[in-house]
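Asker: I have a structure here, written as structure tokens, and I will follow up with some questions on it.
The values are calculated or read from the model by the stated rules, or taken from the named source; none is laboratory data. Treat the numbers as computed from the prediction; the structure is a model and nothing was measured. Cβ atoms come from the backbone with ideal geometry, glycine included; neighbour counts cover every protein chain shown. Just so you know, the surface numbers come from the protein's heavy atoms only, side chains and all, with ligands and any DNA or RNA stripped out. Shrake-Rupley method; radii C 1.70, N 1.55, O 1.52, S 1.80 Å.
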Amino acid sequence: ELHSIARGEQGRLSSTALTSLRSQRRELREGGALRGEAVFKTIRHLSGVALLRANSPLTVQLVLNRLLALKIPVDARLATAGMSAALRCDAPDLGVLYFDALTLGGGTADSRAYTSLIKVHAAAGRVAEALSVERRMSAERVPPSERTYNTLMAVCARGGDRKGMLKYFTLMGGIGGSKEGQDRTPTVESWNILLDYCARHVSGPGRVLQAEDVMTRMRKQGCPPDTVSYSCLARAYVAA
């Protein structure tokens, strides 16, 4: 029934469910505990729903506090939801706490969780820590995804680090990169990061030339430009 309420299929618990809930609360007050993976899975799901709707750092913090107090393990999916909520509420340091709860609790981070960790470090202004996440992934043998590389590219691009941005783009198989042994390939988002960099950070007549060159390479590699691509190109023209 809690799952049904979380999905919006019903507005309140039935009388039978309320009786069960009150009984469980009495057991908890008397020193008992609700345990078991089925219970944990349900509570993590409901916590994820709460985080999806969270609009304040306090809610994000309270959900984590309750999980830790009840010794409910945080898995990769819930940690990612917590970091996303923390970013949305402009509280990136809370996102780091969710990642720590995952790893310190014995959980294993996947590429999505690591990518979210990059974002929260970058949002907090810790660029070096954000970029070092890739080395941590390598040490844990978690292969970066296209989203991971796009996020690393974006961090470098925002800081005007052209060399770093192109390094991650090359690792994805773009502009001279090798795709041997990997299934990643630059996405339209990857190319748009390059275009946005041209519009914002390249100065002089090279701004437009480089932006037009990126558009040409996109098409040659079978990646059609989208609305964002043309918007970045337009900004390059305006800035020039």
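Asker: Which of the helices in the chain, when you take each full DSSP H run, stretch at least 20 Å along the axis at their Cα atoms and have an average Kyte-Doolittle score of 0.5 or higher?
Answerer: Within the chain the helices that satisfy the rule are 37-53.
Asker: May I pose another question? Run the simple label-point estimate for Y230 and L58 please: 7 Å along Cα→C-beta, distance reported in nm.
Answerer: Going from the Y230 label point to the L58 one covers 4.6 nm.
Asker: How high is the relative contact order of the chain, in percent, counting Cα pairs under 8 Å that sit 6 or more residues apart?
Answerer: On the way: 275 pairs, mean separation 23.6, N = 240.
Rounded, it is 10 percent for the chain.
Asker: For region 106-240, what % of the accessible area comes from carbon and sulfur atoms, probe 1.4 Å? Please list the in-between numbers first.
Answerer: Numbers: 3570 of 7100 Å².
It is 50 percent, rounded to a whole number.
Asker: Between V127 and R77, what length comes free when the chain is fully extended (0.36 nm per residue of separation minus the Cα-Cα distance, one decimal in nm)?
Answerer: 15.6 nm
Asker: At 1.4 Å probe size, put L131, L195 in order of accessible surface, largest to smallest.
Answerer: Result, largest first: L131, L195.
Asker: Of (i) 12.2; (ii) 16.3; (iii) 26.9, which is the value of mean projected area of the Cα convex hull in nm² derived from the coordinates here?
Answerer: Recomputing mean projected area of the Cα convex hull in nm² here picks out (ii).
Asker: Then there's this: Could you rank F169, F40 by how accessible they are, 1.4 Å probe, largest area first?
Answerer: F40, F169
Asker: With every protein chain present, what accessible area does H201 have (1.4 Å probe, heavy atoms only), rounded to the nearest 10 Å²?
Answerer: Approximately 80 Å² for this residue.
Asker: What do you reckon, how do R219, R158 stack up by accessible area (1.4 Å probe), largest on top?
Answerer: R158, R219
Asker: Given a 1.4 Å probe, how much area per residue of the chain is accessible, in Å²? Mind dumping the intermediate values first?
Answerer: Values: 13590 Å² over 240 residues.
Ligands and nucleic acids excluded, the figure is 57 Å² per residue.
Asker: Provide the solvent-accessible area of E9, counting protein heavy atoms only and rolling a 1.4 Å probe, rounded to the nearest 10 Å².
Answerer: Number for this one is 120 Å².
Asker: For labels at R25 and R141 in the simple 7 Å Cα→Cβ model, what's the distance in nm?
Answerer: For R25 paired with R141, the spin-label model returns 4.7 nm.
Asker: Helix-derived [θ] at 222 nm for the chain: sum -39500 (n - 2.57) over DSSP H runs of at least 4, divide by residue count, nearest 500? Don't skip to the answer; put the middle values down first.
Answerer: Values: 13 runs with 167 residues, N = 240.
Only helices count here, giving -22000 deg cm²/dmol.
Asker: Relative contact order of region 9-135: what whole-number percent is it, with Cα pairs under 8 angstrom and at least 6 residues apart?
Answerer: Dividing the mean separation by the residue count of region 9-135 yields 18 percent.
Asker: Restricting to Cα pairs below 8 Å that are 6+ residues apart, what does the relative contact order work out to for region 86-204? Please round to a whole percent.
Answerer: Result for region 86-204 is 17 percent.
Asker: What's the extension gain from K167 to K41 if we count 0.36 nm per residue and subtract their Cα-Cα distance?
Answerer: 41.4 nm
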